[in-house]
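The values are calculated or read from the model by the stated rules, or taken from the named source; none is laboratory data. If you're wondering where the values come from, they're calculated on a predicted model, not measured in any experiment. Backbone-built Cβ (ideal geometry, glycine too); neighbour counts: all protein chains shown.
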Amino acid sequence: MPDVFDVLSRDHAEVKRVCTELEEGRPPPSGEDGRRLRKNMVEQLIIEESKHEAVEEEYFWPTVRELVPDGDRLADHAVAQEQEAKKTLNDLRHAEAGSDRFEELLASFIAEGREHIAYEEDQVWPELRKVITQERAQDLGRKLEEGKKRAPTRPHPNTPPTPGVLKGAGAAVAMADRVLDKVTGRGRG
Ligand SMILES: [Fe+2]
Ligand SMILES: [Fe+2]
């Protein structure tokens, strides 16, 4: 059964793969079709990233805070990185595909995203591995997978990054994201 590290690794690998693909696609293709394709890839990245960070906020960081000595410091740093990335992604969503600004924001996100992933994998995971039981690691993996099904698909930089976002007011936000996605066909390439 996949545990928390398996689930998060899979997400990270996917984000890194898309980032590399977007980098290799530089300079961005000219023409309407090329621009649309690139915009769609970025949109898919935003959806995956938004869901991933939302479930980390909901389940992963509270566990780190609870179990890891010094967990608060590690979680605070990572959550601050996540908030920065959300701002970048939110700006990116509203930038015009093909513009210099769009490419600059994308490059910023790729750099921030890689740094954040490295921080989690190299600084946080080893500490959590030392203290988490196999049972709890699997249970957490399950919660993350389940949570992603109802997580927001857009960055919400003004929503506080505290647990409870997938419940309470955040649930309405996530629902609105999904309704909009359905109406606009977003995330279906
Ligand atoms: Fe994260
Ligand atoms: Fe992560």
Regarding the stretch 35-53, can at least one residue be identified that is within 22 Å of LYS182 (Cβ to Cβ) and small (Gly, Ala, Ser)?
yes
Which ones in the stretch 64-79 are crowded, with 18+ Cβ neighbours inside 10 Å, more than 18 Å from VAL15 (Cβ to Cβ) and within 13 Å of ligand 1 (Cβ to nearest atom)?
VAL64, LEU74, ALA75
Given the criterion modelled with pLDDT of 95 or more, part of a helix (DSSP H, G or I), within 13 Å of ligand 2 (Cβ to nearest atom) and more than 17 Å from the chain's Cα centre (by Cα), identify the matching residue among VAL79, VAL64.
VAL64
If I filter the stretch 87-103 for residues that are under 23 Å from VAL42 (Cβ atoms), touching a Pro at 6+ places or on another chain (Cβ under 9 Å) and outside any helix (DSSP H, G or I), do I get at least one hit?
yes
Of all residues being hydrophobic (A, V, I, L, M, F, W, C) and surrounded by 15 or more Cβ atoms within 10 Å (Cβ to Cβ) in the stretch 108-117, which is farthest from ligand 1 (Cβ to nearest atom)? Just the residue, please.
ILE110
Here are the criteria: (1) within 16 Å of ligand 1 (Cβ to nearest atom); (2) free of Cβ contacts under 8 Å to residues at least 60 places away in the same chain; (3) of a type in the set (Gly, Ala, Ser). Tell me which single one GLY141 does not satisfy.
(2)
SER99 being away from ligand 2 (no atom under 12 Å from the Cβ), without any contact (Cβ under 8 Å) to a residue 24 or more places away in the chain, crowded, with 17+ Cβ neighbours inside 10 Å and closer than 28 Å to ARG186 by Cα
no
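May I ask you to list the residues in the stretch 37-61 that are of a type in the set (Lys, Arg) and within 13 Å of ligand 2 (Cβ to nearest atom)?
Matches in the stretch 37-61: LYS51 only.
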Output yes when any residue across the stretch 118-136 is of a type in the set (Asp, Glu), buried (at least 18 other Cβ atoms within 10 Å of the Cβ) and at pLDDT 95 or above, and no when none is.
yes
Anything in the stretch 17-40 that is in contact with a helix residue (DSSP H, G or I) (Cβ under 9 Å, 6 or more places away or on another chain), in a helix (DSSP H, G or I) and surrounded by fewer than 15 Cβ atoms within 10 Å (Cβ to Cβ)? List them, or say none.
THR20, GLU21, GLU23
Filter the stretch 144-156 for residues that are in contact (Cβ under 8 Å) with a residue 60 or more places away in the chain and of a type in the set (Lys, Arg) and give the result.
LYS148, ARG154
Qualifying positions in the stretch 80-103 - within 14 Å of ligand 1 (Cβ to nearest atom) and closer than 17 Å to GLU48 by Cα:
GLN81, GLU82, GLN83, GLU84, ALA85, LYS86, THR88, LEU89
Just the residues that are of a type outside the set (Asp, Glu), at pLDDT 95 or above and within 15 Å of the chain's Cα centre (by Cα), please, taken from the stretch 93-112.
LEU106, SER108, PHE109, ILE110, ALA111
Inspect the stretch 153-173 for any residue being within 30 Å of GLY31 (Cβ to Cβ) and in a helix (DSSP H, G or I) and give the result as yes or no.
no
